[in-house]
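Before any comments, here is the structure.
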Amino acid sequence: MWLAYFALHSLLASRSAKSQVAARWPVAARRYRLAYNVLALLALLPIGAWLLLHPGPVYWVWRGAAAWVANGLALLAVLGFQLSSRHYDMQSFLGLRPESPTAAGRLCISPWHRYVRHPWYSLGLVIIWTRDMNAAMLVSALCMSAYFVVGSRWEEAKLIDEFGDRYRRYRERVPGLLPWPGKRLSEAEARRLRDGG
C-alpha cells in the first residue's frame, strides 16, 4: 500500500503531470495543487485503517523516562513544523491560492534550511521514530524513511534544474536530513545564496 501511495504521490507531483493537466484543462490547472493535496490526504485513509485493523506484534513501547523523551521530541518536532511553516507561503503550498511568480523563482533558505536542506523531512523522521512500534508501524516507518531519502533526491534534481550552481553550492555546505556539527550556513551566506550571489 505504501509503495502504491508513494508512486501515485510522486507521479502527481511531477512536472510532466502538471504540464499535461495545464495543457488539457487550463482552468483546472489553477487548482492542481489543492486537488493534489486533497487526493494525497484521502489516499492515506485506507493505509491508516489498515494500520489500526492489522497492527501485528508489538516490537517496542516507550516507557518511563524514555516515553517522556520520545514524546517530548515528537512534540518539539510538531512545534518545529508550526514554526518553520512561517517561512513558507502556506496558502500556495496548500493550493488555496496560486503561487506568485516572484516566489516561484526564489531559493528558500529559511533559518531551518541553514542546518538541513529538508527540515520537514527531518522533523517527520523524528515523529515517525519516536512512536511505539508494532509490525505495521515499523514497516510504515521504514517505507516513509526510505521515501524521504529518495524523495529528497528527486526534489533536489528539480531544484538543480531551477537554480543550477546556486543550489549545488548550497547542497555542498548543508546536510540533507540530519544536522551535522560544523555543516551549516551563516545568516549572511544564506542571504547571498537566496538573493542569487
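The values are calculated or read from the model by the stated rules, or taken from the named source; none is laboratory data. Everything numeric here is computed off the predicted structure, so don't read it as measured data. Cβ atoms come from the backbone with ideal geometry, glycine included; neighbour counts cover every protein chain shown.
Listing for the model above:
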read-out	value
Residue match in the range 115-127 (condition: free of Cβ contacts under 8 Å to residues at least 24 places away in the same chain and not small (Gly, Ala, Ser))	no
Any hit, the range 177-196, residues being within 12 Å of the chain's Cα centre (by Cα) and not polar (S, T, N, Q)	yes
Some residue of the range 122-131 being assigned to a helix (DSSP H, G or I), within 12 Å of the chain's Cα centre (by Cα) and among the aromatic types (Phe, Trp, Tyr)	no
Any pair with Cβ under 7 angstrom, 6 or more apart, that starts in the range 66-83 at a residue that is more than 9 Å from residue 123 (Cβ to Cβ) and ends at one that is in a helix (DSSP H, G or I)	73/126; 74/126; 74/127
Evaluation of residue 156 against (1) of a type in the set (D, E, K, R); (2) touching a Lys or Arg at 6+ places or on another chain (Cβ under 8 Å); (3) within 26 Å of residue 73 (Cα to Cα); (4) surrounded by 15 or more Cβ atoms within 10 Å (Cβ to Cβ) (one fails), failing number	(3)
Condition broken by residue 79, with the remaining ones in (1) surrounded by 13 or more Cβ atoms within 10 Å (Cβ to Cβ); (2) closer than 27 Å to residue 177 by Cα satisfied	(1)
Failed item in (1) farther than 23 Å from residue 142 by Cβ; (2) in contact with a strand residue (DSSP E or B) (Cβ under 9 Å, 6 or more places away or on another chain), with residue 59 passing the rest	(1)
Qualifying residue in the range 68-86 (condition: over 24 Å from the mean Cα position of the chain (by Cα), farther than 19 Å from residue 151 by Cα and among the hydrophobic types (A, V, I, L, M, F, W, C))	yes
Where a residue in the range 13-24 is in the same structural domain as residue 39 (by TED's automatic domain parsing) and its partner, wherever it lies, is at pLDDT 80 or above and assigned to a helix (DSSP H, G or I), with Cβ under 8 Å and at least six apart	13/36; 15/158; 17/11; 18/32; 21/32; 22/32
Residues of the range 181-197 satisfying the condition of being part of a helix (DSSP H, G or I), among the charged types (D, E, K, R) and closer than 16 Å to residue 165 by Cα	189, 191, 192, 194
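Let's see how each residue does on (1) aromatic (Phe, Trp, Tyr); (2) closer than 25 Å to residue 14 by Cα:
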{"site": "38", "(1), (2)": "no, yes"}
{"site": "42", "(1), (2)": "no, yes"}
{"site": "47", "(1), (2)": "no, yes"}
{"site": "50", "(1), (2)": "yes, no"}
{"site": "62", "(1), (2)": "yes, no"}
{"site": "65", "(1), (2)": "no, no"}
{"site": "69", "(1), (2)": "no, no"}
{"site": "74", "(1), (2)": "no, no"}
{"site": "77", "(1), (2)": "no, no"}
